[in-house]
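Below is one structure, written out as structure tokens; comments come after it.
Computed from the coordinates by the stated procedures, all read-outs in this text should not be read as laboratory data. These numbers were taken from a predicted model, which means no experiment stands behind them. With ideal geometry, Cβ positions are generated from the backbone for all residues, glycine too; neighbour counts draw on all protein chains shown.
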Amino acid sequence: MHQNNSVYKGYRLTAKVIRGVQDNAANGSGSPVFTASVFVVQADSVQETGDEYAVPTFAEGSFVFSPREAVHQAISHGRAIVDALTGVEG
């Protein structure tokens, strides 16, 4: 199972997965789909939830078919945010 929490370069990344239903009239299967956002906060800020960031692919309307993939994309985006905040390449 892919963890929805990760510590990266001193920041805690937390993926928030949202479940939906595929809205495709041609398919009509009603398959569950998933998107996610990521919260970024310094790891030593135990009481704070941090700032929430949208994952660009999900913000553009894309989705995935498993929560694991949604978490992976959110955490990967969170790492890119931390790299930008710290000015350090991954």
Over all directions, region 34-85 yields a Cα convex hull whose mean projected area in nm² is 3.8 nm²
Picking from Gly61, Gly78, Gly50, which is most flexible by a Gaussian network model of the chain using Cα springs under 10 Å?
Gly61
With springs only between Cα atoms under 10 Å, which of Gln47, Gln73, Gln22 fluctuates most in a Gaussian network model of the chain?
Gln47
Listed residues Val64, Val21, Val38; largest mean-square fluctuation, Gaussian network over the chain with Cα springs below 10 Å, found at Val21
What is the spread of the Cα atoms of the chain along each of their three principal axes, largest first, in whole Å?
47, 25, 21
Cα lying deepest toward the dipole's positive end in the chain, options Ser66, Ala36, Val55, charges on Cβ
Ser66
